[in-house]
Structure formats: structure tokens, C-alpha cells
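For reference, the structure is listed below as C-alpha cells.
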Amino acid sequence: MSGDLLKTTSNHNDEIKCVTSVFTVSFEDPFWVGVLEENYNGINYMGRHIFGAEPSNPELIQFYIYEFEKIKKIKISESEIETKKMSFKKSLNKSKKMQNKKNTGTKSQNLFQKALEEILKMNKKERKKGEIMNKEEKYRKKLEKKSEKKKGH
């Protein structure tokens, strides 16, 4: 029986081919923010944690041990990160062009920013719907109260 428990079926689709993870702490006025970028088999995920004050090294180690796995990650894209070899001058020109653009940062950071904007838009739509429902409910109650007053005592 114990031999049956140890048998595992391996599926080629379940194999992890490539896992990369980068955690960057930077200052975004007025807080210190940690950005997590992960890539599992070509699928990009991003997460963010706000520290508040500048974290010290012991605080970062404690965060890594106890709270790192709790970072909420958002699926960004399924495309593989493109890595092409190019000459030094071409890479300089490309970096200058990217710096002049509004969206400065890595590709995954830009995608993460777009995903956050979409989430904020969805939340705004839901909030608007809730506000409209509340207004309609208040108006309905007001009409009921008004009709009760007209009926008399």
C-alpha cells in the first residue's frame, strides 16, 4: 500500500521549465515600495508591497521570512520575455528612446501599471453602480414616506 502512495504521475505540461524572481525596493513619493516580478514558464506575474518608511536590512529579512509569500500577485502576460543580442550603440540608442517615453521602467513594470489601471477602472465602475443603486433606494424610500404622509393618520 505504501508503494501506491509514493507513485506519482509526471505530466510534461506540469514541469517547471524556467522560474525567475526579482524583488526591487524603491522610493515612490511618499512611500518605500517593493515590487516583485516573477516569471513561471513564460507567464509573467507582478506584485507590490508598500513599506512606508525606509526598511532596514533586518526588516527586509524579516519581511522575506514571514510575509514574502503573502504578496498578492497579478498575472500580466503569457508571452516570453524577449532577449536579443544587439550591439552596444543600438542598445544605447534604444535606452535613450525609452527614457524619453512616458512609461519608463521594465516591460513587466509597465504591464503591471496597465493591469493596476484596469483594476482601478473596474473598481470605479462598480462604485458608480453602487452609488446609483443607493440614490435610487433613497429616492424610493422618500416616495414611500411621502405617500404615507398623504394617506393621513
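What follows is calculated from the coordinates using simple rules that are stated; it is not laboratory data. This structure is a prediction, so every number in the text was calculated from the model and none was measured. Using ideal geometry, Cβ is built from the backbone for each residue, glycine included, and neighbour counts are taken over all protein chains shown.
Other residues with beta-carbon under 14 Å from the beta-carbon of GLN62 carry, at +1 per Lys or Arg and -1 per Asp or Glu, a net charge of -2. Anything over 20 Å Cα to Cα? Flag those among LYS72/LYS129; LYS73/LYS107; LYS73/LYS125, in the order listed. In this structure, LYS72/LYS129; LYS73/LYS125 lie more than 20 Å apart at Cα. Neighbour counts of C-beta atoms inside 10 Å place MET133, MET46 in the sequence MET133, MET46, starting with the fewest.
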